[in-house]
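Q: Here you go, one structure.
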Amino acid sequence: MNRSDPTPRSFSTDQLRSALGDVVAPARTDYLSDIVEQAARTRQRAAWTFPDRWFSVDISMRRHGVPGAAIVFVVVSLLVALLAGAIYVGSQTRHAPLPLRPEAWSRIQIESPSITGRVASLAVSPHGLLAAVGGDEPTHLEVSTDGRTWTPVPDDRIPRLSNDGAFGMPFVMGTDHGFLMMQLNTIWSSEDGIDWQPLAGETTDPDLSRGGPDAATAGGPGLVGVGGAQAWSSVDGSDWTSAEVPSLPAEVRARPESEPYVAMNGIAASGDDLIAWGLAEVSSEDDRDAHRVVPLLWKSHDGRTWADAVAADMESVTAVTGGPFGFVATGTAGSAAAIWRSDDGGAWERVDGRAFAGYMLEASVATDAGYVVVGSDGLCNATSCPDREMVIWTSPDGRAWSRVPSVDLFTGARAYGARAWGTSFVILGASDGKPAIWISGSP
């Protein structure tokens, strides 16, 4: 400012808007009137001198009067508002790119007291990561704040855990307050993944007497879970209510009640929409030792009432994830790997599957950047498969898919699931028969 020019006695809101234009778009310009009025009421004070290491400005209240203070007050306030607006806009538009190249991925081997094993379940919370590690070997929990360094949870701090040889591996999930763990019809809670307390179970909750959730997600009234041929909802995990679920397919109901094996294996959310998936196994009419898989796919808007959502061409459903363009489901159709997408889980559209020919699709996950699907060459179903290759595909919209080039990082590996961690994708599984995860980018 030229000191010989007199400071104007008034500086209106309209003048501020006219002078600044769209620069203040991130800030709320309706504050300007209040700022000007407040500045006009500001008492005169002695001259202000800012430290020389920033800049030096001498404002004499006696020389220029109240409007000089008004201008400084307005300018400083606007600078603060502009900075806050820029930070807000930046936080809303920050999306990490899809991990299209092998160098975008890192493999982390999780040290385990077991000879062999896998990461069977992984939970993400504000406290970090929690992994359920095991297999046929004894199951244990490990925690990490960065995904790179893992610490085993002492056995005397956790309940006795099941494994693949007895009732299956526990399921863990993250919440805003910490972690939940589900196994053997009991729900456990922990703030840090180390100290655990029972939250609900069949002895205290009648709706869990015939089984409990094997997988859950945030949705409905708070939490929604599925397991066996059932579904439940809960506000906070301490009390569960059985949901209304669709009848099993006629070919399953036709079998004796004790014969079919039914398992709802997972659940995914996209907005208010929920999709749960699983399978039923029935023996062949010609050979009782041979079994046929019947896909199960349910949809819901509230977690309390579910409806059948299986598409006619789905032979199996192995994973579902919710992302920026709705749901993506993986499985098989016509004995070949297949992918479907849906806006809300009601109607499914099969996308071009040529990129997946010859592979098994085993896991999927999404962030705001898009979708990741993980599969393998299908040559081995055991935990340890030295010649097996894990394969990753990415898509920004669930329709067009690109394969991440093969490298040694994915050799001898198998995926058992995938999670989103901020802008990163995390694949959980086994590498050379030992627990491992793969992380994209920087969490």
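Q: Calculate the all-directions average of the projected area of the range 141-213's alpha-carbon convex hull, and give it in nm².
A: Values: hull surface 22.2 nm².
The directionally averaged projection comes out at 5.6 nm².
Q: Another question, if that's okay. Just to confirm my numbers, what's the Cα centroid distance between the range 169-199 and the range 208-228 in Å?
A: Here the two parts' Cα centres lie 13 Å apart.
Q: Under the Kirkwood approximation applied to all pairs of distinct alpha-carbon atoms, what is the hydrodynamic radius of the range 102-440 in Å?
A: The answer is 20.2 Å.
Q: Moving on to the next point. Do any GluC sites (Glu not before Pro) in the range 260-353 lie in a loop, going by DSSP, with at most 12 other beta-carbon atoms within 10 Å of their beta carbon, and if so which?
A: On the way: sites: Glu281, Glu285, Glu315, Glu349; in loops: Glu285, Glu315.
For GluC sites (Glu not before Pro) across the range 260-353 that sit outside H, G, I, E and B with at most 12 neighbouring Cβ atoms in 10 Å, the list reads Glu285.
Q: What is the local net charge at Arg350, summed over the other residues whose Cβ is closer than 13 Å to its Cβ (Lys, Arg +1; Asp, Glu -1)?
A: Every neighbour counted, the sum reads -1.
Q: Just flag the trypsin sites (Lys or Arg not before Pro) in the range 286-387 sitting in loop per DSSP whose Cβ has no more than 13 other Cβ atoms within 10 Å.
A: Counting only loop positions with at most 13 other Cβ atoms within 10 Å, the trypsin sites (Lys or Arg not before Pro) in the range 286-387 are Arg288.
Here, each number is a calculation from the coordinates, and none is a lab measurement. Everything numeric in this text was worked out from a predicted model, so none of it was measured. Virtual Cβ from ideal backbone geometry, glycine too; neighbours counted across all protein chains shown.
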